[in-house]
Amino acid sequence: MPKIVDKEQRRVELALKSKSLLLQRNIDNISISEITKSIGIGKGTFYEYFENKEELYFTLVEILIKEHNKTLQQMLESAADTRQKLIIFASFFFDPAFEELRKIYKTCKGLTLLHDESSLREFNTQHLNDYFGWFEMLLQEGIEKGELPPSVTKLSFSLFAMVNGIFILAESTNSIENLQEEIVLCIDTMLELVKDTNA
């Protein structure tokens with residue numbers, strides 16, 4: 001009897017096998033031949049599971065994001081208050097445990113800026129919306145607990161964008177010595193400003 005292959009599971013396995021190569025090199029500079037050789041399959045097999053190398057890359061990113069989200073959720077459950085939750089949420093940008101996903105995040109942003117491909121822009125937009133929605137939920141929980149004033153929602157996107165911007169500055173310039181300290185300072189300052197305007 002022929003072996004039944006779970007196609008989705010096989011896609012996951014192939015994407016994970018390619019992780020080392022995709023993290024070492026820019027997807028633009030890798031050929032499908034290099035990918036198939038590194039994971040031990042033929043080109044025909046590759047095309048059974050992926051339309052192109054970008055689809056393989058996105059599959060890997062989705063797998064790593066799911067892993068990150070599980071870890072992040074566990075970390076958030078142990079937080080004492082909303083401030084700590086916001087710092088944990090932003091720890092993606094400085095926690096050594098998230099280094100691999102940060103590398104992919106930078107690659108996705110860089111490729112989008114260089115090529116402005118609609119598929120990359122859509123991919124980035126979807127994940128921005130997902131994480132911003134999660135961020136807003138944390139703020140809403142803080143409001144419901146009386147830890148934050150309702151007006152914090154007016155600044156929610158600004159705070160979210162500022163933390164992302166601090167990370168990009170830290171990665172692209174020599175202007176930020178301690179990224180974690182800078183992000184925590186940003187969060188604390190914004191929370192203080194919101195409290196002051198509601199006093």
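Within segment 4-16, can one find any residue that is modelled with pLDDT of 85 or more, surrounded by 14 or more Cβ atoms within 10 Å (Cβ to Cβ) and outside any helix (DSSP H, G or I)? No. With respect to the conditions (1) part of a helix (DSSP H, G or I); (2) outside the structural domain of R102 (by TED's automatic domain parsing); (3) touching a residue at least 12 places away in the same chain (Cβ under 8 Å), F89 falls short on a single one, namely (2).
Assessment of segment 127-146 against the conditions (free of Cβ contacts under 8 Å to residues at least 40 places away in the same chain, in contact with a Phe, Trp or Tyr (Cβ under 8 Å, 6 or more places away or on another chain), surrounded by 14 or more Cβ atoms within 10 Å (Cβ to Cβ) and farther than 30 Å from N26 by Cα) yields no matching residue.
Residues of segment 132-147 that are touching a helix residue (DSSP H, G or I) at 6+ places or on another chain (Cβ under 8 Å) and part of a helix (DSSP H, G or I): F132, W134, F135, E136, L138, L139, Q140, E141, G142, I143. Scanning segment 177-188 for residues that are modelled with pLDDT of 95 or more and not in a helix (DSSP H, G or I) yields a single hit, N178. Taken over segment 98-146, the criterion of being within 24 Å of S20 (Cα to Cα), of a type in the set (D, E) and touching a Leu at 6+ places or on another chain (Cβ under 9 Å) is satisfied by E100 alone.
Scanning segment 114-126 for residues that are at pLDDT below 80 and either part of a helix (DSSP H, G or I) or among the hydroxyl-bearing types (S, T, Y) (or both) yields L114, H115, S118, S119, L120.
Cβ-Cβ distances below 7 Å connect the following pairs, each with a first residue in segment 55-72 that is in a helix (DSSP H, G or I), a second residue that is of a type in the set (V, I, T), and a separation of six or more residues or different chains: L56/I35; Y57/I27; V61/I104; I63/V12; L64/I104.
The values are calculated or read from the model by the stated rules, or taken from the named source; none is laboratory data. Quick caveat: nothing in here was measured; it's all calculated off a predicted structure. We place every Cβ from the backbone using ideal geometry, glycine too, and count neighbours over all the protein chains shown.
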